[in-house]
Amino acid sequence: MSDWSTGFCSWCAEPGGCGLCVYTYCCPCCAYGSMVGKMGPEEVCCGGNCCGACCLYAIMVDLGLCCLLHMGARRRVREKYGIEGNGCTDCMLTMCCPYCAICQETRQLSTK
């Protein structure tokens with residue numbers, strides 16, 4: 001098992017830097033869509049489709065259920081990179097600080 005390429009609260013870490021942080025804060029739905037767009041359709045719901053993931057995340061935010069969608073994507077990123085973790089942690093992180101989670105996952109997907 002390995003660790004994330006950057007820390008959970010490393011807001012301005014590369015790749016992405018401060019721009020990723022500001023983008024996620026201003027438009028979390030778009031940032032989630034961009035992140036999921038980097039994943040394949042077999043990996044996660046709306047994988048490879050930035051617009052679809054963005055719209056689905058926006059709907060889930062309105063329903064107050066975005067963590068249910070987001071925690072599945074976080075799990076797949078963990079599995080893809082062999083990162084230690086569990087569903088409970090994924091749920092708590094995506095529910096309590098989804099912006100930090102989106103940034104961390106995006107940075108992970110940007111490192112090959």
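The values are calculated or read from the model by the stated rules, or taken from the named source; none is laboratory data. Just so it is clear, the model here is predicted, and its values are computed rather than measured. Cβ coordinates were reconstructed from backbone atoms using ideal geometry, including for glycine residues, and neighbour counts include every protein chain displayed.
Hand me the list of helices (runs of 4 or more DSSP H) wholly inside the range 1-95 holding 2 or more residues that are at positive phi, modelled with pLDDT under 95 and of a type in the set (D, E).
none
Any idea which of (1) in contact with a Leu (Cβ under 7 Å, 6 or more places away or on another chain); (2) closer than 14 Å to T94 by Cα; (3) surrounded by 20 or more Cβ atoms within 10 Å (Cβ to Cβ) is the one M60 doesn't satisfy?
Status for M60: all satisfied but (3).
For residues that are free of Cβ contacts under 8 Å to residues at least 40 places away in the same chain and surrounded by 14 or more Cβ atoms within 10 Å (Cβ to Cβ), scanning just the range 93-112, find the one that is farthest from C21 (Cα to Cα).
Looking at the filtered set, the residue picked out is M95.
Answer yes or no: is there a residue in the range 103-111 that is under 19 Å from G47 (Cα atoms) and not in a helix (DSSP H, G or I).
yes
Is there any pair with a first residue in the range 70-86 that is β-branched (V, I, T) and a second that is surrounded by fewer than 16 Cβ atoms within 10 Å (Cβ to Cβ) whose Cβ atoms are under 7 Å apart and which are 6 or more apart or on different chains, and what are they?
Partner pairs satisfying both residue conditions: I83/M1; I83/S2; I83/D3.
Answer yes or no: is there a residue in the range 45-67 that is touching an Asp or Glu at 6+ places or on another chain (Cβ under 8 Å) and touching a residue at least 24 places away in the same chain (Cβ under 8 Å).
No - not one qualifying residue is present in the range 45-67.
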